[in-house]
Amino acid sequence: MSKSKKKSSNNAIWDGNVRDAALSILLAVDQQQAYSNLLLHQTIEKYKIDAKDRGLLTEITYGTLQHKMTLDYYLEPYVRGKLDNWVRWLLRLSLYQIVYLTKIPDHAAVNEAVEIAKRRARHRGVSATVNGILRSILREGYRDTTLIEDDVLRLSIESSHPEWLVRRYIQDYGLEKAGEMLFENNMPPHQTVRVNTAKATIEEALRSLWDDGFSVKRSEAIPECLHILEGQAARSNAFKEGLITIQDESSMLPAYALDVTPGMKVLDMCAAPGGKTTHIAEKMSNQGKLIATDLHAHKIRLIDQNATRLGLSIIEPAVLDGRKAAEQFGEESFDRILVDAPCSGLGVIRRKPDIKYTKNESDHESLQKIQLELLNTAYILLKKQGKMVYSTCTIDKMENDETVAAFLKAHPDMELAPIENAPDAFPPLKEEGMIQVFPQDLGSDGFFVAAFRKKGGSTN
């Protein structure tokens, strides 16, 4: 395993091995509400963790977060008295390896936990406690979740999602579909990239990745999407040369739904970091005008960087609250508008497992208010016969279906617009102009898209 000079174990993010690093990340997520994906990336880069160790660090960090409630259920009968927070996370981390990883011997996971406890604890009793709890579980086994009679509680424990969220999913989609989604959320995410068709053909991008030694396959759903089976796409020559950009497969749908053509004037109201913005520019063959706004200046810089790397010149980034865009631009001045709205993010739990523990049920109503404000502003800015797309990375019906219904009710001259050029894998988008993609559908993020047309005027 990678080694590094030790610092004070109370403050260091890195204490000498991969499990120490994982424990420090988990503590930061828990105590500082830090984002696990960002901390993981920073740790790998800062300490130059060997390629052979990155997979393990990612696996045990995400896995422990994903299965936290299940692990606590297994630990509960064996814990006597109060444990320090770091000790509980160490037990979760170690038990995750024992329960879910087949390549790590049980005794190795226990021994590593004991050694970490010795380094971090002020007295030897902690390491003895850790050793005793883990060896008792190995000797006596795990609690049986099938004995939990209540469907909601059992599914909550088995999938490690809070009860309110499980209940909400079941209410919206039924027990079977909710269960599929909850367990899919605990599967490792696929690494997918989008070919920059303004700069390269799909075959040219594939050839470049293959020449670099990447294992790649084409998506069966979206033509310009590639699945990276082995290797880090951001380190490829194809990425550096702007032939590809990293983007989840389901989030490529809004650019199709927007139905742009070269020369149009387009607004992306919540654009950072620019994945959908650049996809739209590519669909426009880098011809026309594409204004990309976001609240934060540092995020606007990300859009600019992405556009520069991909060689897309029509994107004009601007710091602006999308809800105030009507004060900046004239009424009915855009041919197309994308509202990729702020949302609960419940569709991306597999990439950000900490989300499911930090969200509250009350969040949905406050988010829907913002979503409708953005849509109402977009309505003012959209030309007659123009099209606008509403998208979110959540599967929540209040934020998706109910928001669409409320918007259409408030604006009788808006209608859902079927998308003829949508990929064949998404017939609802082709026929109805609206689709909910679930995590289990493609092994991608959960995602929602609705396309609208403004009535009146002449047909484009």
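The values are calculated or read from the model by the stated rules, or taken from the named source; none is laboratory data. Being a predicted model, the structure only gives us computed values, none of them experimental. Every residue, glycine as well, gets a Cβ built from its backbone with ideal geometry; the counts of neighbours run over all protein chains shown. Ligands, DNA and RNA are excluded from the accessible area calculation, which covers all protein heavy atoms including side chains. Shrake-Rupley method; radii C 1.70, N 1.55, O 1.52, S 1.80 Å.
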Working only within the range 206-251, note down all residues that are among the small types (Gly, Ala, Ser) and either over 21 Å from Asn421 (Cβ atoms) or at pLDDT below 95 (or both).
Ser208, Gly213, Ser215, Gly231, Ala233, Ala234, Ser236, Ala238, Gly242
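To keep it simple, each residue is scored yes or no on (1) farther than 28 Å from Tyr357 by Cα; (2) in contact (Cβ under 8 Å) with a residue 40 or more places away in the chain.
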site	(1), (2)
Pro188	no, yes
Gly231	yes, no
Glu249	no, yes
Ala257	yes, yes
Thr261	yes, no
Glu282	yes, yes
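Within the range 94-143, which residues are open to solvent by less than 70 Å² (accessible area, probe 1.4 Å) and part of a loop (DSSP other than H, G, I, E, B)? If you could, list the steps in order and put the result at the bottom.
First, pick out the residues of the range 94-143 that are open to solvent by less than 70 Å² (accessible area, probe 1.4 Å): 94-99, 101, 104-106, 108-110, 112-114, 116-117, 120-121, 125-134, 136-138, 141.
Answer for the range 94-143, where residues must be open to solvent by less than 70 Å² (accessible area, probe 1.4 Å) and part of a loop (DSSP other than H, G, I, E, B): Leu101, Ile104, Pro105, Ala121, Gly141.
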Those residues that are in contact with a Cys (Cβ under 7 Å, 6 or more places away or on another chain) and either on the phi > 0 side of the Ramachandran plot or open to solvent by 20 Å² or more (accessible area, probe 1.4 Å) (or both), I need them from the range 334-360; list them, please.
Asp340, Pro342, Cys343, Gly345
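Tell me which residues, restricted to the range 361-386, are without any contact (Cβ under 8 Å) to a residue 40 or more places away in the chain and open to solvent by 10 Å² or more (accessible area, probe 1.4 Å).
Applying the first criterion (without any contact (Cβ under 8 Å) to a residue 40 or more places away in the chain) to the range 361-386 yields 362-369, 371-372, 375-376.
Answer for the range 361-386, where residues must be without any contact (Cβ under 8 Å) to a residue 40 or more places away in the chain and open to solvent by 10 Å² or more (accessible area, probe 1.4 Å): Ser362, Asp363, Glu365, Ser366, Leu367, Gln368, Lys369, Leu372, Asn376.
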Can you pull out the residues in the range 46-58 that are in contact with a helix residue (DSSP H, G or I) (Cβ under 9 Å, 6 or more places away or on another chain), part of a helix (DSSP H, G or I) and open to solvent by 30 Å² or more (accessible area, probe 1.4 Å)?
Arg54, Leu56, Thr58
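Pick from the range 178-196 the residues that are part of a strand (DSSP E or B) and open to solvent by less than 50 Å² (accessible area, probe 1.4 Å): which of them is nearest to Ile246 (Cα to Cα)? Spell out how you get there, then give the answer.
Here is the first cut: in the range 178-196, the ones part of a strand (DSSP E or B) are 191-195.
Keeping just the survivors that are open to solvent by less than 50 Å² (accessible area, probe 1.4 Å) gives 192-195.
On the way: Thr192: 6, Val193: 4, Arg194: 6, Val195: 9 Å.
Checking each candidate, the answer is Val193.
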Could you check, for the range 162-171, whether at least one of its residues is over 25 Å from Leu65 (Cα atoms) and not in a helix (DSSP H, G or I)?
no
Among the residues of the range 288-330, what is the count of those that are within 24 Å of Leu372 (Cα to Cα), assigned to a loop (DSSP other than H, G, I, E, B) and in contact with a strand residue (DSSP E or B) (Cβ under 6 Å, 6 or more places away or on another chain)?
1
Please report, ordered by residue number, the helices (runs of 4 or more DSSP H) entirely within the range 197-275 with at least 3 residues that are under 22 Å from Ile315 (Cβ atoms).
237-240, 253-258
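Could we say that Ile49 is among the aliphatic types (A, V, I, L, M) and modelled with pLDDT of 85 or more here?
Values: among the aliphatic types (A, V, I, L, M): yes; modelled with pLDDT of 85 or more: no.
No, not satisfied.
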Unique residue being under 24 Å from the mean Cα position of the chain (by Cα), modelled with pLDDT of 95 or more and of a type in the set (Asp, Glu) when the list is Asp268, Asp259
Asp268
Go through the residues of the range 301-310 one by one and say whether even a single one is hydroxyl-bearing (Ser, Thr, Tyr) and open to solvent by 10 Å² or more (accessible area, probe 1.4 Å).
yes
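On the basis of being part of a loop (DSSP other than H, G, I, E, B) and open to solvent by 60 Å² or more (accessible area, probe 1.4 Å), does Arg88 make the cut?
Working: part of a loop (DSSP other than H, G, I, E, B): no; open to solvent by 60 Å² or more (accessible area, probe 1.4 Å): yes.
So Arg88 does not fit the description; no.
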Sole exception among (1) of a type outside the set (Asp, Glu); (2) touching a residue at least 40 places away in the same chain (Cβ under 8 Å); (3) open to solvent by 50 Å² or more (accessible area, probe 1.4 Å) for Ala22, by number:
(3)
Exactly one of Leu408, Leu442 is modelled with pLDDT under 95 and open to solvent by 40 Å² or more (accessible area, probe 1.4 Å), and that one is Leu442
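Quick check: is even one residue across the range 321-330 surrounded by 24 or more Cβ atoms within 10 Å (Cβ to Cβ) and within 27 Å of Ser444 (Cα to Cα)? Even if it seems obvious, please write down each step before you answer.
To start, the set of residues in the range 321-330 that are surrounded by 24 or more Cβ atoms within 10 Å (Cβ to Cβ) comprises 322.
With the extra rule that they be within 27 Å of Ser444 (Cα to Cα), the set shrinks to none.
Within the range 321-330, none of the residues are surrounded by 24 or more Cβ atoms within 10 Å (Cβ to Cβ) and within 27 Å of Ser444 (Cα to Cα).
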